[in-house]
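One structure is given below, encoded as structure tokens.
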Amino acid sequence: MSKLLEIALGIVTGIGGFLEAGSLATAAQAGAAFGYQLAWALLLGVVCIAFLVEMAGRLAAVSRHTLPDAMRERFGIAFFLVPLVTVALVSFLVLASEVGGVCLALQFASGVSLRWWTIPVVLLLWLFLWKGTFGLVEKGASLLGLVTLAFVVGAVRLHPDPGKLAAGLLPSLPHQDPASYWFMAVSIVGASVSPYLFYFYSAGAIEDEWDEDYIPINRIIAGLGMTFGGGVAVAVLVCAALVLHPAGIQVDRYEQIPLLLASPLGRAGFWLFVASLGVACFGAALEIALQLAYLAAQGFGWRWGENLRPREASRFALVYTVALPLAGLLIATGIDPLKLTVFSMALTALSLPVTVVPLLVLMNDPDYLRERTNGWISNTAVLAVSVVACIVALVAIPLELFGS
Amino acid sequence: MALHRMGPHRMELGREVLDQQVIDAHDRQIGRVDGIALELRPGKPARVAYVVVGGTTLLWRLHRGLAAWVERRLGGEGHPARIPWRQVVKIGLDVKVAVEAEQSPASRWERWIRDHIVSRIPGA
């Protein structure tokens, strides 16, 4: 494959794969409640995830190790268990959120309650992983995910004031309801910096057999893919700020959310919203279920690979075969998918130091990266965002849960 | 590097061997180096006897009481694979051993799950 095509596909993957239940819900909620004021949190999260994805790709290209693989051998089993369990737990909650998102899209489309959709949705997701290849999951889901560009069209049609949007990119203190403001801020960061993104990316780099020649390609894909992807999330925030915020509509009124696109784009907008939600969450669910299997298999040294048949990597296949129905079960119990999503994103932010610091240690270890170790800018940026997000989450989550 | 081609050489077992990926003769992953066993010989220097893969080895490194309990419950199923050091052919990105995954006790669970669960699902 030519390098140019590979770069283009990589960027498309970043754009089509960026939006999922978490980034959609948090951006919509923030826009509805605070207008453009929380755009800075989105910017912070996108910069941070671009750095992290680039690192995971560089680690794989130089050391030929996936992230869990390198962590296990560098830190030993006792320490490795901490990020392993944390990432698995957070990813599982995010997986359930994505399953909930697909079911919610089907509820919008059919009028049948989302709980009834869990079984067919889980079965279809599982079938994709059972029969599909890595290319199908990664490229297929992201190409379909381009439907989420509808939000960009919607945002442009609403004629946002660029000056006001730019002002939102600078952090500012809230005029009202500080507890919910900070909770949303950390949820947005958590949604952008979901660990499944860079864990999945590192496994993908190994599945695609990257070597050191891929370092420049990796930098372009990570940088542009995540930036443009983040642009789609900004578009969601703009739509919410211009449609829901002036009308005083909160996102937890489910029947109102499709207005995000129905308002600027009419009847087609409703269906574009439903398709965006369904496709984005479906693609993300595939990636997260697969990432859980990667995590366990690479950490414990089992045979793995989405291009192998299930019988050739039985423990690997068993992980997603068990994880998907469990995630579906959580949704079928009637838990509110939106609350679950936003809460999972805040938890992700809280757990960032645990998932990010071991990666940073590896990225500064010449045993793995030789002369390609991190520079101080990426180290500082990622460390600062994770530590600050964790501290704010530590305060904001109890306030949100128990009221102020 | 292939071990038999190496001259006198010092190797830090904890850094270069422990917790590394183990692959079989056909480059199939079969587990990780969960433990390393030394043979203590009276009057002579100790030497590495085998690398230990799977079973309850990992648990022993995490929690002795839990490991002992699991071992009693599982009996022979909990026994790890002991791969003699002379069968370790290469230590590089992975630890390559002259073993067939299909026959090795290290792949016991992989085979059991394949035969009893995964193969029974259509399309596996």
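Return the total of residues in region A:45-74 being touching a Pro at 6+ places or on another chain (Cβ under 8 Å) and more than 14 Å from chain B (Cβ to nearest Cβ).
So the count comes out to 0.
Can you tell me how many residues within region A:344-358 are surrounded by fewer than 24 Cβ atoms within 10 Å (Cβ to Cβ) and under 14 Å from the mean Cα position of the chain (by Cα)?
Count: 1.
How many residues are β-branched (Val, Ile, Thr), under 18 Å from residue A:328 (Cβ atoms) and without any contact (Cβ under 8 Å) to a residue 60 or more places away in the chain if we restrict to region A:70-117?
So the count comes out to 1.
I need every pair where a residue in region A:282-300 that is within 14 Å of another protein chain (Cβ to nearest Cβ) and buried (at least 24 other Cβ atoms within 10 Å of the Cβ) has its Cβ under 8 Å from the Cβ of a residue that is among the basic types (Lys, Arg) and part of a helix (DSSP H, G or I), sequence separation at least 6 or different chains.
A:297/A:315; A:298/A:72
Of the residues that make up region B:11-27, is at least one farther than 26 Å from residue A:81 by Cβ, assigned to a helix (DSSP H, G or I) and under 16 Å from the mean Cα position of the chain (by Cα)?
no
Only one of A:289, A:235, A:241, A:275 is modelled with pLDDT of 95 or more and either closer than 19 Å to residue A:196 by Cα or charged (D, E, K, R) (or both). Can you tell me which? Even if it seems obvious, please write down each step before you answer.
Details: A:235 fails: either closer than 19 Å to residue A:196 by Cα or charged (D, E, K, R) (or both); A:241 fails: either closer than 19 Å to residue A:196 by Cα or charged (D, E, K, R) (or both); A:275 fails: either closer than 19 Å to residue A:196 by Cα or charged (D, E, K, R) (or both).
Of the residues listed, the single one that is modelled with pLDDT of 95 or more and either closer than 19 Å to residue A:196 by Cα or charged (D, E, K, R) (or both) is A:289.
Just one of B:93, B:40, B:74, B:62 is facing another protein chain (nearest Cβ under 10 Å) and free of Cβ contacts under 8 Å to residues at least 24 places away in the same chain; which is it? Before the answer, list the steps.
Numbers: B:93 fails: free of Cβ contacts under 8 Å to residues at least 24 places away in the same chain; B:40 fails: facing another protein chain (nearest Cβ under 10 Å); B:74 fails: facing another protein chain (nearest Cβ under 10 Å).
Exactly one of B:93, B:40, B:74, B:62 is facing another protein chain (nearest Cβ under 10 Å) and free of Cβ contacts under 8 Å to residues at least 24 places away in the same chain, namely B:62.
Considering only residues of region B:96-111 that are more than 9 Å from every other protein chain (Cβ to nearest Cβ) and among the charged types (D, E, K, R), which is nearest to residue B:33 (Cα to Cα)?
This residue is B:96.
Considering only region A:305-334, how many residues are without any contact (Cβ under 8 Å) to a residue 24 or more places away in the chain and β-branched (Val, Ile, Thr)?
Final tally of qualifying residues: 2.
Listed residues A:359, A:369; which is touching a residue at least 60 places away in the same chain (Cβ under 8 Å), part of a helix (DSSP H, G or I) and within 23 Å of residue A:22 (Cβ to Cβ)? Show your work before the answer.
Details: A:369 fails: within 23 Å of residue A:22 (Cβ to Cβ).
Residue meeting the stated conditions: A:359.
Are any residues in region A:222-233 surrounded by fewer than 24 Cβ atoms within 10 Å (Cβ to Cβ) and farther than 19 Å from residue A:378 by Cβ, and if so, which ones? I'd like the intermediate steps shown before the answer.
We begin by selecting, within region A:222-233, every residue surrounded by fewer than 24 Cβ atoms within 10 Å (Cβ to Cβ); these are A:223-224, A:227-228, A:231.
A:228, A:231, listed by residue number.
Only one of these conditions is not met by residue A:320: (1) buried (at least 22 other Cβ atoms within 10 Å of the Cβ); (2) hydroxyl-bearing (Ser, Thr, Tyr); (3) touching a Pro at 6+ places or on another chain (Cβ under 9 Å). Which number is it?
Going through (1) buried (at least 22 other Cβ atoms within 10 Å of the Cβ); (2) hydroxyl-bearing (Ser, Thr, Tyr); (3) touching a Pro at 6+ places or on another chain (Cβ under 9 Å) one by one, residue A:320 breaks only (3).
Regarding residue B:110, is this residue within 22 Å of residue A:304 (Cα to Cα) and crowded, with 16+ Cβ neighbours inside 10 Å? Explain how you work it out, then say what you get.
On the way: within 22 Å of residue A:304 (Cα to Cα): yes; crowded, with 16+ Cβ neighbours inside 10 Å: yes.
Taking the combined requirement at face value, the residue satisfies it.
Does residue A:137 meet the test of being away from chain B (no Cβ under 14 Å), within 16 Å of the chain's Cα centre (by Cα) and modelled with pLDDT under 95?
yes
Please go through region A:250-262 and pick out each residue that is in contact (Cβ under 8 Å) with a residue 24 or more places away in the chain and buried (at least 18 other Cβ atoms within 10 Å of the Cβ).
So in region A:250-262, the residues in contact (Cβ under 8 Å) with a residue 24 or more places away in the chain come out as A:250-252, A:254, A:257-258, A:260-261.
Those that are in contact (Cβ under 8 Å) with a residue 24 or more places away in the chain and buried (at least 18 other Cβ atoms within 10 Å of the Cβ): A:251, A:257, A:258, A:260, A:261.
Would you mind finding the one in A:203, A:280, A:275 that is within 21 Å of residue A:355 (Cβ to Cβ), assigned to a helix (DSSP H, G or I) and out of contact with any Pro (no Cβ under 6 Å at 6 or more places or on another chain)? Give the steps one after another, and end with the answer.
Values: A:280 fails: within 21 Å of residue A:355 (Cβ to Cβ); A:275 fails: within 21 Å of residue A:355 (Cβ to Cβ).
None of the other options fit; the residue is A:203.
Give A:140, A:135 a once-over and let me know the one that is part of a helix (DSSP H, G or I) and exposed (fewer than 15 other Cβ atoms within 10 Å of the Cβ). Don't jump to the end; show me each part of the working.
Working: A:140 fails: exposed (fewer than 15 other Cβ atoms within 10 Å of the Cβ).
Criteria check complete, one pass: A:135.
Being over 21 Å from residue A:252 (Cα atoms), of a type in the set (Asp, Glu) and touching a helix residue (DSSP H, G or I) at 6+ places or on another chain (Cβ under 8 Å) is true for just one of A:138, A:98, A:73. Which residue is that?
Within the list A:138, A:98, A:73, the selection yields A:138.
Among the helices (runs of 4 or more DSSP H) contained in region B:39-124, which hold 3 or more residues that are more than 14 Å from the chain's Cα centre (by Cα) and small (Gly, Ala, Ser)?
On the way: elements: B:57-62, B:64-74, B:108-116.
Passing ranges, in order: B:64-74.
Looking at (1) closer than 17 Å to residue A:297 by Cα; (2) modelled with pLDDT under 95; (3) facing another protein chain (nearest Cβ under 9 Å), which is the only condition residue B:114 fails?
Exception for residue B:114: condition (2).
Among the residues of region B:46-56, is there at least one that is touching a residue at least 12 places away in the same chain (Cβ under 8 Å), β-branched (Val, Ile, Thr) and more than 14 Å from chain A (Cβ to nearest Cβ)? Spell out the reasoning first.
Step one: list which residues in region B:46-56 are touching a residue at least 12 places away in the same chain (Cβ under 8 Å), which gives B:47-56.
Cutting the leftovers down to β-branched (Val, Ile, Thr) gives us B:48, B:51-53, B:56.
Add one more test, that the residue is more than 14 Å from chain A (Cβ to nearest Cβ), and what stays is B:48.
Among the residues of region B:46-56, at least one is touching a residue at least 12 places away in the same chain (Cβ under 8 Å), β-branched (Val, Ile, Thr) and more than 14 Å from chain A (Cβ to nearest Cβ), which makes the answer yes.
The values are calculated or read from the model by the stated rules, or taken from the named source; none is laboratory data. Just so it is clear, the structure is predicted and the values come from calculations on it, not from any experiment. With ideal geometry, Cβ positions are generated from the backbone for all residues, glycine too; neighbour counts draw on all protein chains shown.
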